[in-house]
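The values are calculated or read from the model by the stated rules, or taken from the named source; none is laboratory data. Remember, it's a predicted structure, so these values are computed and weren't measured experimentally. Positions of Cβ are backbone-derived with ideal geometry, glycine not excepted, and every protein chain shown enters the neighbour counts.
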């Protein structure tokens, strides 16, 4: 009995340490039926434990095998899809967890530890913006979705377009520790979008043929003028106006070309040659649709019969030869004049596209269909109006949720009339108005005016600082505004015609410009 108890104690201690292979021999309890029953029950219990342990181990090994197979399958999938996947640290460098597609996208094997912004081929300024937005994601200061939206998403490498999307990886406390990055090839999508945009642009040009012809005429005139006087401010004002009007007709690739020229430290006369040659190639490639070339004289070959009939009827009832001759001369002199509303109609495209990009809801009202204007005279003025519209959209009109008691949709109106021997153009919006204090502060900070001069200014003079060259309250120039040359271009165009520009602005209620340009005496 004592021997069996000793063995029993040893067996239990062995089982407690995980050794389930030991058993109590039946011979050790042969003389004691009660102990024999205990030994049999204990051995059966140990057998059961051993079987459970075996099954558990088998399941664990099977699970590990399944995980291994699944992991291999996942990697095979990830390595053979066109999209790339990687994980990046808070400092923006790549962890070893990346798919094979990333190697193909970036064209290198040694991705681990490389800065993602550098791999994306971003220039110095874009890289700085990327890093600032990336740091905000981990700063836990602003809403996470807002920070992720600020990350530069689109980039190009080796002639292909890609889009980057990032998702947070958090720890148990909810703190962002890494970002899971997806890289998608958008080349074909961009090509389809570009083709659709081109079709829309061509339709816009055909629909507004007179306005586009006037734009070409004004572009040739403006570029010829700055070639004769190639000062940087004049070059920048001309290009900025051309860029805005290219956007009117949906020619965004051409507008992007001009935008890149504006980004340069110095604009060269050769840049003007590049722009004109690009316009020539575009018009030559689509001449069958557009129906005009860059060197066209800007005059429409079609005469509006509704304008001819009243003249003929008047001539038929005029007995005086001299008066008939004067009336014919007057008609022929003004034959090239077009309704102001026709030239202003291209602003609709600007409002639609820019408002959509800025996520704002805006209505545009255009007036002037019954007012004839000389496109050669008013071309520079109408071309510069695009700056006022863009500034209204970017600076003036608030987002829907910021408009308070005002209508949810912002309102912009551009109207042309004829008053007291002058063409009068009025452009207004119902936005937030000009922040004159910020305008003055920026003018002083940029050295464009000193504090003593500002102190002597009245409210209207302070507001007119918006016409100063290169003055803008924006820190970064965008495709919409921020160059500080738009209002200056308008003022210069009007004053060269002997006209005037007045501006008034009411905080919270909007801004209005009134432009007066003398008409020819016979008009």
If you take just the strands (runs of 3 or more DSSP E) that sit entirely in the stretch 89-188, which of them hold at least 1 residues that are closer than 30 Å to residue 260 by Cα and in contact with a strand residue (DSSP E or B) (Cβ under 7 Å, 6 or more places away or on another chain)?
154-157, 160-170, 176-185
Looking at 183, 116, 179, 202, which is the one that is in contact (Cβ under 8 Å) with a residue 60 or more places away in the chain, under 22 Å from residue 353 (Cβ atoms) and crowded, with 16+ Cβ neighbours inside 10 Å?
202
Mind checking which residues of the stretch 421-467 are in contact with a helix residue (DSSP H, G or I) (Cβ under 9 Å, 6 or more places away or on another chain) and in a strand (DSSP E or B)?
423, 425, 427, 428, 429
Give the residue, chosen from 336, 383, that is within 25 Å of the chain's Cα centre (by Cα) and either farther than 15 Å from residue 514 by Cα or free of Cβ contacts under 8 Å to residues at least 24 places away in the same chain (or both).
383
If you check 447, 458, which single one turns out to be modelled with pLDDT under 85 and exposed (fewer than 13 other Cβ atoms within 10 Å of the Cβ)?
447
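For (1) in a helix (DSSP H, G or I); (2) at pLDDT below 90; (3) within 13 Å of residue 219 (Cα to Cα), each residue gets a yes or a no:
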site	(1), (2), (3)
234	yes, yes, no
237	yes, yes, yes
253	yes, yes, no
267	no, yes, no
272	yes, no, yes
279	yes, no, yes
294	no, yes, yes
Look through the stretch 136-148, keep the residues that are touching a helix residue (DSSP H, G or I) at 6+ places or on another chain (Cβ under 9 Å) and without any contact (Cβ under 8 Å) to a residue 12 or more places away in the chain, and return whichever of them is farthest from residue 174 (Cα to Cα).
146
What residue, of 398, 376, is without any contact (Cβ under 8 Å) to a residue 60 or more places away in the chain, outside the structural domain of residue 250 (by TED's automatic domain parsing) and either in a helix (DSSP H, G or I) or farther than 22 Å from residue 212 by Cα (or both)?
398
